[in-house]
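Undergrad: Please read through the structure below; I'll follow up with questions.
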């Protein structure tokens, strides 16, 4: 895993942090709100029950003034029953007896609400003086009151239990949708090719990320300037080398072809000629690479890829024939491509030449051009030694050559192929071919077909 991927893995995303922080705030506020609502509802229910005791005490009419004159049970549940007593006096403590309980009232009981503890039970009681000799007491077990109040308060939590999960889900969805523009900007950057330094679109970009997009555009502009200077330097250097190399080659040919050229002189100068030829090829490839890396000044055109591949094979065929490599071509019907015919010819020629160069004598190189769905595919399969897996990505670097290959070359062929593929809008992949009988390398170039 590279450093950028490790950084992304270690760093929390802005979307995650926003979602987590907002949802956590909703949960905390919701829990506090639910607790406060429960407490308010609980207290309100108890106040209502106190009011109920007071109202019953006001409504009960005295009919028979005895120590215990009446007993009402408005509820069928014994735990929720309400007791009403008419008592001769509140003073000096009063003992109330009924068949199922004994309740001791406190001495000097005043009118109003009281909580009475008697024989291990708690009662909520409302006392009212009827006359100088009699009083009225309405009582209810505290446990029953609390149960009623608790049930009523718990019902207030239902909206919180429904609303909080909905708010958390909506928050996560809204954060994802609202931050989608950031992902679109990142996707726009990822879609840029190696030589694409056009500024990013500022249309409909949120105000918060406009400074980031503007800074990225300024960086792209600086990189474009640096790459242009480098490209211009390479092109200028190659152009300046072309003339002296051509002149030295002509002088060497004249010296070797003159009447005074002895066998000893020819043997001495022949290696120089080979070196000059290699230098000439390097200069030509540098010029080609600089041209491929420069932005295209021509509009893309539609062309048939078949004759271009045939021309590329014709240029490489003498080398394959001299080396004893079986160079074959398989093409079908017309396959229209969109782009520069010159770029596709350079791509095809360098790919075929590279395969022939690394295929040993007696080997095979098969070239195919065929449609695959909506794509056009140019493929070159050889029976060479292949490429070590750890070096598959490096062979596209300029001047990189596989150690120990023993083949002539400058290491610029696949760099030209990658630059041409970028200008055409296609992709290049290399895949080792392994079987029991042979090995080799598959070169696969893919780009959208213009027929679709």
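No value in this document is a laboratory result; all are computed from the given coordinates. What you see is a predicted model; the values in this text were computed from it and never measured. Quick reminder, even Gly has a Cβ in these numbers, built from the backbone with ideal geometry, and neighbours come from all protein chains shown.
Undergrad: Can you sort 375, 333 by how many other beta carbons sit within 10 Å, fewest first?
TA: Ascending Cβ contact count within 10 Å gives the list 333, 375.
Undergrad: Between residue 188 and residue 150, with labels modelled 7 Å along Cα→Cβ, what's the label distance in nm to one decimal, could you check?
TA: According to this spin-label approximation, the distance is 6.0 nm.
Undergrad: I'd like the Kirkwood hydrodynamic radius of segment 299-448, using the inverse of the mean 1/r over distinct C-alpha pairs, in Å.
TA: Here the Kirkwood hydrodynamic radius works out to 15.5 Å.
Undergrad: What is the fewest-to-most order of 171, 115, 129 by other Cβ atoms lying within 10 Å of their Cβ?
TA: 115, 129, 171
Undergrad: Ranked by Cβ crowding within 10 angstrom, fewest neighbours first, how are 250, 200 ordered?
TA: Starting with the residue having the fewest Cβ neighbours, the order is 250, 200.
Undergrad: May I ask for the equivalent-ellipsoid semi-axes of segment 317-365, computed as the square root of five times each C-alpha gyration tensor eigenvalue and listed largest first in whole Å? Intermediate values should be presented prior to the final figure.
TA: Working: eigenvalues 118, 34, 11 Å².
Calculated on Cα positions only, the semi-axes equal 24, 13, 7 Å.
Undergrad: Between residue 202 and residue 268, how high is the FRET efficiency from 1/(1 + (r/R0)^6) when r is the Cβ-Cβ distance and R₀ = 60 Å? Nearest 0.05.
TA: Numbers: r = 66 Å, r/R0 = 1.09.
About 0.35, to the nearest 0.05.
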